[in-house]
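Novice: Sharing a structure here in structure tokens format.
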Amino acid sequence: MDSNLWPWHHPPWHRWTIQLWIQLVAAVVFLISWVVLRFFHILALIKAKWWLHRKKPCSVALSNEEGVPGVSIVKPLCSGADANLVRNLETFFTLNYPKFEILFCIQDQEDSRLRYFVESLIEKYPDVDAKVFSGGEVVGVNPKINNMQPAFQASQYELILVSDSGIRMSEDTLTDMVSCMTKNVGLVHQLPFICDKSGIAGTLEKVYFGTSHARIYLAADVLGFNCATGMSALMRKEILTAVGGLKAFSSYIAEDYFMAKSVLNSGFKIQVSSQPAQQNPGDSSITNFHSRITRWTKLRYAMCPGLMVFEPISDSVIQGVVCAWALFFLFRWDPVTFIMLHLLLWFIMDWALIHLVQNGPLPFSKFEFLVTWVFRELTAPCILIAAHVNPSVTWRNKRFRLKWGGVAEKVETSDPDEPSLIPITITSSALTTTSSPSSSSSIVIPTRPMAVSMAASTAMLDGTMPVYAPLSHQGGAAEKFICKEIDTIQS
Ligand SMILES: CCCCCCCC/C=C\CCCCCCCC(=O)N[C@@H](CO)[C@H](O)/C=C/CCCCCCCCCCCCC
Ligand SMILES: O=c1ccn([C@@H]2O[C@H](COP(=O)(O)OP(=O)(O)O[C@H]3OC[C@@H](O)[C@H](O)[C@H]3O)[C@@H](O)[C@H]2O)c(=O)[nH]1
């Protein structure tokens, strides 16, 4: 090739410095990453279009008990304010699957609030086989595994569904998942998604799980990478038992990734179910969302350090900037025009993807989507940076240090995140008319509004304790939550 011809604005090849060669290699790598990411985007769209929300779940019709595999549903529950908990749990009692048991795992033996909620539901649905385990068993570092251990050991069926506390089910979700568990499949997981919610935090979560997360999750699934998250995962018990049961995963915080790895190592496939997971947390906030996504990023970096390079390159803003530079370096293309076109294409593909994942009208306008999408894409690089700043992870007020490979160790702290407790008597009529608390015992309630409402509702429903809450919550959100909670249980 005539060395003066290309790239025409640089000196001839034989006069190139090391620096120019490095720039050339970087430019080519960036442009390849652009093509690869568009390919991932297209794969995700195809998978979403042809796999998600299919009318007939997978292949088998599972309508009666004959020959149907039984499912032990393990529900790890731990204290924390969540106004949707009862409604979410109730959806497991109304599943139309013919053969299942629900094993509730209450982490804290003293947690009378959770016990009350669970026992009320068990009483309301006497035909559903449900049991309560409390206190867990310490078999390792991961508190979710410790919490689930007794239930796992007592489980009677061949399939285990690990289902996090914030998950809702439609009547046919379990049927859909089981029918995806074909002969060579060992784990069926749900694409994480989120229920419709009003408010900025709900919109942000929906935009994230419907675009950025769904893109990489579905593409990874098509390409056969292990991407399973453990919020809703149906597994063959024999595979877990063969590697030592849940205990085998207790040294990791990302137990979900390692469970899926075991399934793959045992020669089985993992399969994404056709219904996305319906996360329905009652305590959505932008802060909660960011700390959760940062925690997940830290877990991924510890497990697969290569992602520290690949994830930034696959970020829309970072990729736009580096590719704009690459095209300028190689062809003197206008960087601003490229970035605008790049973001527009990315936006349109994300818009199409979220529609496929949602499979119905979105609970926000196009304008709200645009604003939230821009916010999410601009803050995404900050999350990647934040994951490097502090290597320890905080999960439900417990802190862990991650080692390379994903093994975790607990960091003993004085729990700075633990809310301070202050008891203040509430004197609202909305509270006092629904129970007659005795004054013989007392409870202290955290200052956070949601926690106040939940703790107060327990006391109300028990009818045995006086109710305390900060005066600032009287007549406000706390009371409304309490009344809603009581209605849900009593109806
Ligand atoms: C030029 C090439 C660009 C390649 C870009 C690759 C970017 C990969 C980014 C993310 C990896 C997949 C993330 C899936 C969502 C995981 C959500 C999550 O973090 N969940 C955790 C908590 O539940 C869980 O413990 C983690 C589970 C899976 C972690 C996956 C790790 C490694 C997978 C490697 C796959 C790379 C290729 C992806 C191809 C699309
Ligand atoms: O100390 C704990 C923490 C959590 N859990 C349970 O673990 C489940 C997931 O907890 P959260 O909702 O706080 O966390 P996430 O949704 O981020 O979890 C996700 O990341 C970490 C993985 O181990 C999980 O499998 C995955 O679902 C819940 O059911 C929760 O009750 C415990 O039982 N004990």
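The values are calculated or read from the model by the stated rules, or taken from the named source; none is laboratory data. All of these numbers come straight from a predicted model, not from anything done at the bench. As a convention, Cβ positions derive from the backbone with ideal geometry for all residues, glycine included, and neighbour counts pool all protein chains shown.
Novice: Please work out which residue is nearest to ligand 2 (Cβ to nearest atom), limiting yourself to the stretch 281-316 and to residues that are among the β-branched types (Val, Ile, Thr) and under 22 Å from Trp395 (Cα atoms). Working first, answer last.
Specialist: Here is the first cut: in the stretch 281-316, the residues among the β-branched types (Val, Ile, Thr) are 286-287, 293-294, 297, 309, 313.
From the residues that got through so far, the ones that are under 22 Å from Trp395 (Cα atoms) too are 286-287, 293-294, 297.
Numbers: Ile286: 16, Thr287: 14, Ile293: 9, Thr294: 11, Thr297: 11 Å.
It comes out as Ile293.
Novice: Name the single residue, out of those in the stretch 25-67 being at pLDDT below 95 and among the aliphatic types (A, V, I, L, M), that is surrounded by the most Cβ atoms within 10 Å (Cβ to Cβ). It would help to see each step written out before you state the result.
Specialist: As a first pass, look at the stretch 25-67 and keep what is at pLDDT below 95: 54-67.
Imposing the further condition that a residue be among the aliphatic types (A, V, I, L, M) reduces the set to 60-62.
Values: Val60: 15, Ala61: 10, Leu62: 21.
In this case the residue turns out to be Leu62.
Novice: Need the failing condition index for Phe249 against (1) of a type in the set (Phe, Trp, Tyr); (2) farther than 22 Å from Gln153 by Cα; (3) within 10 Å of ligand 2 (Cβ to nearest atom), just the number.
Specialist: (2)
Novice: Please report, ordered by residue number, the helices (runs of 4 or more DSSP H) entirely within the stretch 102-194 with at least 1 residues that are of a type in the set (Phe, Trp, Tyr). So that I can check it myself, show each step before the final result.
Specialist: Working: elements: 112-124, 143-154, 173-180.
Of the helices (runs of 4 or more DSSP H) lying wholly inside the stretch 102-194, those with at least 1 residues that are of a type in the set (Phe, Trp, Tyr) span 112-124, 143-154.
Novice: A further question on this structure: With respect to Glu409, is the statement that it is within 16 Å of ligand 2 (Cβ to nearest atom), over 20 Å from the mean Cα position of the chain (by Cα) and in contact (Cβ under 8 Å) with a residue 40 or more places away in the chain true? Reasoning before the result, please.
Specialist: Values: within 16 Å of ligand 2 (Cβ to nearest atom): yes; over 20 Å from the mean Cα position of the chain (by Cα): yes; in contact (Cβ under 8 Å) with a residue 40 or more places away in the chain: yes.
In short, yes.
Novice: Restricting to the stretch 232-244, and then to whatever is of a type in the set (A, V, I, L, M) and buried (at least 18 other Cβ atoms within 10 Å of the Cβ), can you tell me which residue is nearest to the chain's Cα centre (by Cα)? Step through it out loud before you land on a result.
Specialist: Taking the stretch 232-244 first, the residues of a type in the set (A, V, I, L, M) are 233-235, 239-240, 242-243.
Applying the additional criterion that residues be buried (at least 18 other Cβ atoms within 10 Å of the Cβ) yields 233-235, 239-240.
Working: Ala233: 12, Leu234: 15, Met235: 18, Ile239: 24, Leu240: 22 Å.
Among those that are of a type in the set (A, V, I, L, M) and buried (at least 18 other Cβ atoms within 10 Å of the Cβ), it is Ala233.
Novice: Of the conditions (1) closer than 27 Å to Lys261 by Cβ; (2) more than 16 Å from ligand 1 (Cβ to nearest atom); (3) crowded, with 19+ Cβ neighbours inside 10 Å; (4) among the small types (Gly, Ala, Ser), Gly202 clears all except one; give me its number.
Specialist: (1)
Novice: Based on what the data block shows, is Val188 in contact with a Ser or Thr (Cβ under 8 Å, 6 or more places away or on another chain), surrounded by fewer than 20 Cβ atoms within 10 Å (Cβ to Cβ) and either in the same structural domain as Asn265 (by TED's automatic domain parsing) or at pLDDT 95 or above (or both)? Full working, then the answer.
Specialist: Details: in contact with a Ser or Thr (Cβ under 8 Å, 6 or more places away or on another chain): yes; surrounded by fewer than 20 Cβ atoms within 10 Å (Cβ to Cβ): no; either in the same structural domain as Asn265 (by TED's automatic domain parsing) or at pLDDT 95 or above (or both): yes.
Here the answer is no, as Val188 does not meet what is asked.
Novice: Somewhere in the stretch 178-190, is a residue more than 30 Å from Trp351 (Cβ to Cβ) and free of Cβ contacts under 8 Å to residues at least 24 places away in the same chain? Step through it out loud before you land on a result.
Specialist: Restricting attention to the stretch 178-190, the residues satisfying the condition of being more than 30 Å from Trp351 (Cβ to Cβ) are 178-179, 181-187.
Applying the additional criterion that residues be free of Cβ contacts under 8 Å to residues at least 24 places away in the same chain yields 183.
The answer is yes, given that some residue of the stretch 178-190 is more than 30 Å from Trp351 (Cβ to Cβ) and free of Cβ contacts under 8 Å to residues at least 24 places away in the same chain.
Novice: I need the full set of residues from the stretch 362-396 which are assigned to a strand (DSSP E or B) and of a type in the set (A, V, I, L, M), in order please.
Specialist: First pass over the stretch 362-396, keeping only residues assigned to a strand (DSSP E or B): 392-395.
Listed by number, the list holds a single entry, Val393.
Novice: Further, regarding this structure: Report yes if Phe338 is within 20 Å of Arg215 (Cβ to Cβ) and hydrophobic (A, V, I, L, M, F, W, C), otherwise no.
Specialist: Details: within 20 Å of Arg215 (Cβ to Cβ): no; hydrophobic (A, V, I, L, M, F, W, C): yes.
Judged against the criteria, Phe338 is not a match.
Novice: Follow-up question, since we're still on this one. Would you be able to say whether some residue in the stretch 161-182 is farther than 21 Å from Gln278 by Cβ and either in contact with a helix residue (DSSP H, G or I) (Cβ under 9 Å, 6 or more places away or on another chain) or not assigned by TED's automatic domain parsing to the domain that holds Phe104 (or both)? I'd like the intermediate steps shown before the answer.
Specialist: The initial filter retains those residues of the stretch 161-182 that are farther than 21 Å from Gln278 by Cβ, namely 182.
Checking which are either in contact with a helix residue (DSSP H, G or I) (Cβ under 9 Å, 6 or more places away or on another chain) or not assigned by TED's automatic domain parsing to the domain that holds Phe104 (or both) leaves us with none.
No, the stretch 161-182 has no match at all.
Novice: Taking Ser273 and the conditions (1) among the polar types (S, T, N, Q); (2) modelled with pLDDT under 95; (3) closer than 21 Å to Ala219 by Cβ, which numbered condition does it fall short on, given that it satisfies the others?
Specialist: The single condition Ser273 does not satisfy is (2).
Novice: Oh, and also: Report, by residue number, each residue of the stretch 212-268 that is among the basic types (Lys, Arg) and either in a loop (DSSP other than H, G, I, E, B) or within 15 Å of ligand 1 (Cβ to nearest atom) (or both). Give the steps one after another, and end with the answer.
Specialist: Residues of the stretch 212-268 that are among the basic types (Lys, Arg), as a first pass: 215, 236-237, 247, 261.
Selection gives Arg215, Lys261.
Novice: Sticking with this one: Being part of a helix (DSSP H, G or I) and closer than 19 Å to Ala352 by Cβ is the filter; apply it to the stretch 195-211 and report the residue that is nearest to ligand 2 (Cβ to nearest atom).
Specialist: Applying the first criterion (part of a helix (DSSP H, G or I)) to the stretch 195-211 yields 200-210.
From the residues that got through so far, the ones that are closer than 19 Å to Ala352 by Cβ too are 203, 206-210.
Working: Thr203: 19, Lys206: 16, Val207: 18, Tyr208: 13, Phe209: 11, Gly210: 17 Å.
Restricting to residues being part of a helix (DSSP H, G or I) and closer than 19 Å to Ala352 by Cβ, the top hit is Phe209.
Novice: Suppose we filter the stretch 274-312 for residues that are of a type in the set (S, T, N, Q) and within 28 Å of Cys180 (Cα to Cα); how many remain?
Specialist: Within the stretch 274-312, residues that are of a type in the set (S, T, N, Q) and within 28 Å of Cys180 (Cα to Cα) number 5.
Novice: Among the residues of the stretch 352-362, write down those that are touching a residue at least 24 places away in the same chain (Cβ under 8 Å) and more than 20 Å from the chain's Cα centre (by Cα). Break it down stepwise before answering.
Specialist: Taking the stretch 352-362 first, the residues touching a residue at least 24 places away in the same chain (Cβ under 8 Å) are 352-354, 356-359, 362.
Listed by number, the list holds a single entry, Ala352.
Novice: Would you be able to say whether some residue in the stretch 97-119 is among the aliphatic types (A, V, I, L, M) and either surrounded by fewer than 21 Cβ atoms within 10 Å (Cβ to Cβ) or within 16 Å of ligand 1 (Cβ to nearest atom) (or both)?
Specialist: Taking the stretch 97-119 and keeping what is among the aliphatic types (A, V, I, L, M), we get 102-103, 106, 114, 118.
Checking which are either surrounded by fewer than 21 Cβ atoms within 10 Å (Cβ to Cβ) or within 16 Å of ligand 1 (Cβ to nearest atom) (or both) leaves us with none.
No.
Novice: Something else: Residue by residue through the stretch 68-83, note down the ones that are modelled with pLDDT of 95 or more, more than 16 Å from the chain's Cα centre (by Cα) and not β-branched (Val, Ile, Thr).
Specialist: Within the stretch 68-83, Pro69, Gly70, Ser72 meet the criteria.
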